[in-house]
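First up is the structure itself, then whatever we jot down about it.
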Amino acid sequence: MSQTTNDVYVGLKTGYYSIDNSKLISLNTAFGNDTSSALISASYRKGHELDSNSDSVIASDMQNNEAKSILAKYFYAISDNQELSFTYDYFQRESQTDVQSIVGLGRFSSTTALFGDDETSRENFVVNYDFVLDADWLEGGVIRFYDQSTDTEQLTDEKRTETSTRTGITNDFSYDRDFFYQQDIQGVRLNLYTNASSSSSMHHIGYGLEYSNTKTKELRDGVQTNLDSGVATNIILSEVFPVRDFPNTEVKELGIYLNDEITISGTNLTIIPAIRYDKYDLSPKVDSIYLADNPDQTVVSISEDSISPKWVWFISLMIVLSSMFNMLKVLGRHHLKMLISV
């Protein structure tokens, strides 16, 4: 279902997918005037486990899941030569799983129940400034600021019935294992250009930089609880929780580039000399949680930079294709004359 006027559009969509018995609803709208416009798109989907259509005697895993997303964009024309835009993007997916296919088998022979609760989300915000100027050293470009965050949580709840080989006593246990991952990225990107000419060539010069800062965190936690006595411990299979598999890390990246697209007058030849400078800094942030699980590990920082010159040249593809086509036409005519003469 949709409705449109001169300046406004509204659309509503619903759907059903039999493969996982999921239902979808989405809303899309756009509106604007002479100087500004906006777009909003949102959706929600709720479903279950995939239909395997299997006749196997192995139990099927059960799952409930849902996903939400929203995209919003706003454009504002400051002038004929300048535009400012904002973009917001959000996505979240959650799932609750009852794992039954491996319960009682192999290393899960003592497992009586296994549940998973997972969630992933991503949030992104971008500011974009697009402009055109009339200056000798700068004719236009794009400046972009961005901020993105990603979060992942995986929560596992396992129930076991175990018999002690030493005492012969059987107890019921609960194992709660949690995994957390988070990454945040902030950055800025400048892409600028200008044009120049001489008696023998045309130059399209591009230059700019990109800087980003990335912070990454990871953590695993766990608790084992004796359901009969109520005694709980954070030691599971010789691991003392919480633990980090790698220290919290911060990465800073910088790139600066300059390239000149040179077109030689009177020819189809283009030459692009370019040079780029890159700098990379990785700084681990060691804390007590990481040290407790990795006391003998040596943590080092990394700082590297490089300069990369490049040369590229090419002949216009359209000219090459046109020449090949003309050649085929000539050969075709020649072949036709030979057939007629025979």
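Worth pointing out:
- Evaluation of Gln63 against (1) over 30 Å from Tyr44 (Cα atoms); (2) touching a strand residue (DSSP E or B) at 6+ places or on another chain (Cβ under 6 Å) (one fails), failing number: (1)
- Criterion: among the acidic types (Asp, Glu), in contact with a Ser or Thr (Cβ under 6 Å, 6 or more places away or on another chain) and under 25 Å from Ile289 (Cβ atoms) - qualifying residue of Asp184, Asp172, Asp178, Asp221: Asp184
- Count - residues of segment 181-207 that are of a type in the set (A, V, I, L, M, F, W, C) and in contact (Cβ under 8 Å) with a residue 60 or more places away in the chain: 1
- Condition met for Ser95 (small (Gly, Ala, Ser), under 30 Å from Asp176 (Cα atoms), surrounded by 15 or more Cβ atoms within 10 Å (Cβ to Cβ) and touching a residue at least 24 places away in the same chain (Cβ under 8 Å)): yes
- Asp134 passes every criterion in (1) part of a strand (DSSP E or B); (2) more than 28 Å from the chain's Cα centre (by Cα); (3) closer than 30 Å to Asn33 by Cα apart from (1).
- Just one of the listed residues (Leu209, Leu227, Leu190, Leu219) is among the aliphatic types (A, V, I, L, M), touching a Pro at 6+ places or on another chain (Cβ under 6 Å) and on the phi < 0 side of the Ramachandran plot, and it is Leu219.
- Candidates Thr214, Thr225 - the one that is under 30 Å from the mean Cα position of the chain (by Cα), in a strand (DSSP E or B) and among the polar types (S, T, N, Q): Thr214
- Sole residue being part of a strand (DSSP E or B) and in contact with a helix residue (DSSP H, G or I) (Cβ under 9 Å, 6 or more places away or on another chain), chosen from Leu254, Leu282, Leu219: Leu219
- Note on segment 43-98: among residues that are of a type in the set (Val, Ile, Thr) and modelled with pLDDT under 95, the one that is nearest to Asn28 (Cα to Cα) is Ile58.
- Scanning segment 170-204 for residues being aliphatic (A, V, I, L, M) and modelled with pLDDT under 95 gives a total of 2.
- Boolean, Phe145 is of a type in the set (A, V, I, L, M, F, W, C), in contact (Cβ under 8 Å) with a residue 24 or more places away in the chain, under 30 Å from Tyr257 (Cβ atoms) and loosely packed, with under 15 Cβ neighbours inside 10 Å: yes
- Selected residue [among the β-branched types (Val, Ile, Thr), surrounded by fewer than 16 Cβ atoms within 10 Å (Cβ to Cβ) and not in a strand (DSSP E or B)] from Thr165, Thr112: Thr165
The values are calculated or read from the model by the stated rules, or taken from the named source; none is laboratory data. Since the structure is predicted, the reported quantities are computational estimates derived from the model, not experimental observations. Cβ sites come from the backbone with ideal geometry, for glycine too, and all protein chains shown count toward neighbours.
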